[in-house]
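Asker: Got a structure here, written out as structure tokens. Questions coming.
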Amino acid sequence: QVQLVESGGGLVQAGGSLRLSCAASGRTFRSVATAWFRQAPGKDREFVATINWDGGNIYYADSVKGRFTISRDNAKNSMYLQMNSLKPEDTANYYCAAFPTGIATGSKYAYWGQGTQVTVSS
């Protein structure tokens, strides 16, 4: 079992920045891909970014490319999402996920966190 806990969400003005963290406990995730997803009210959960075990392969959704940066620290069993130039449309609950059971950019992951809310005001 893996427990994932997100932190770092909050309220920020448009154009601002936030850094989300995802800490894993239990089984290590240092050998698998991990990802960030988000879900806005009334919308389906959507892929944000994914990173493979050594950081050599990273993919972003087009909507965040150039503004968000995903990273991980396997020694700390942690993953991060640096979000810059935030827009009101980035407002959502952000989830980290680990152990993909399908393609890494898909939504099939074995473990999910509870989410952290990001609200961007205009």
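Asker: Which percent of the accessible area of the chain is formed by carbon and sulfur heavy atoms (probe 1.4 angstrom)? Write down the numbers at each step before the final one.
Answerer: Details: 2950 of 6170 Å².
So the carbon and sulfur contribution to the accessible surface is 48 percent.
Asker: Oh, and also: Defining a contact as two alpha carbons under 8 Å apart and six or more residues distant in sequence, what relative contact order in percent does the chain show?
Answerer: So the answer I get is 35 percent.
Asker: Just flag the chymotrypsin sites (Phe, Trp or Tyr not before Pro) in the stretch 17-122 sitting in loop per DSSP whose Cβ has no more than 14 other Cβ atoms within 10 Å. Before the final figure, lay out each step's value.
Answerer: On the way: sites: Phe29, Trp36, Phe37, Phe47, Trp53, Tyr59, Tyr60, Phe68, Tyr80, Tyr94, Tyr95, Tyr109, Tyr111, Trp112; in loops: Phe29, Trp53.
Within the stretch 17-122, the qualifying chymotrypsin sites (Phe, Trp or Tyr not before Pro) (loop, at most 14 other Cβ atoms within 10 Å) are Trp53.
Asker: Considering only protein heavy atoms, what is the solvent-accessible area of Lys43 at a probe of 1.4 Å, reported in Å² to the nearest 10?
Answerer: 140 Å²
Asker: Return the FRET efficiency for the residue pair Ser85, Trp53: r is the Cβ-Cβ distance, R0 is 25 Å, and the value is rounded to the nearest 0.05. Show your work: numbers first, answer last.
Answerer: On the way: r = 28 Å, r/R0 = 1.13.
About 0.30, to the nearest 0.05.
Asker: Tell me the accessible surface of Arg30 in square angstrom (1.4 angstrom probe, heavy atoms of protein chains only), to the nearest ten.
Answerer: Taking all protein chains as shown, Arg30 has close to 110 Å².
Asker: Full-extension gain between Thr69 and Arg45, please, as 0.36 nm times their residue separation minus the C-alpha to C-alpha distance.
Answerer: Values: separation 24, 0.36 × 24 = 8.64 nm, distance 1.91 nm.
In short, 6.7 nm is gained.
Asker: Leaving ligands and nucleic acids out of the surface, order Asp62, Asp73 by accessible area at 1.4 Å, largest first.
Answerer: Numbers: Asp62 130, Asp73 50 Å².
Highest to lowest solvent-accessible surface, that is Asp62, Asp73.
Asker: Please arrange Thr101, Thr91 by accessible surface area, largest first, computed with a 1.4 Å probe and ligands excluded. Numbers along the way, then the final one.
Answerer: Details: Thr101 100, Thr91 35 Å².
Greatest to least solvent exposure: Thr101, Thr91.
Asker: Could I ask something else about it? Apply the Karplus parameterisation 6.51 cos²θ - 1.76 cosθ + 1.60, with θ equal to phi minus 60°, to every residue of the stretch 73-87 and state each ³J(HN,Hα) to the nearest whole Hz, in sequence, with x for glycine and proline.
Answerer: Taking θ as phi minus 60°, the curve returns 10, 5, 5, 9, 6, 9, 9, 9, 9, 8, 10, 10, 6, 5, 10 Hz for the stretch 73-87.
Asker: Could you pull out every one of the lysines with an alpha carbon less than 30 Å from that of Lys43, ignoring same-chain neighbours closer than 8 positions?
Answerer: Correct list for Lys43: Lys65, Lys87, Lys108.
The values are calculated or read from the model by the stated rules, or taken from the named source; none is laboratory data. This structure is a prediction, so every number in the text was calculated from the model and none was measured. Here Cβ is always computed from backbone atoms with ideal geometry, including for glycine, and neighbour counts include all displayed protein chains. The accessibility values were calculated without ligands, DNA or RNA, using every heavy atom of the protein model including side chains. Shrake-Rupley method; radii C 1.70, N 1.55, O 1.52, S 1.80 Å.
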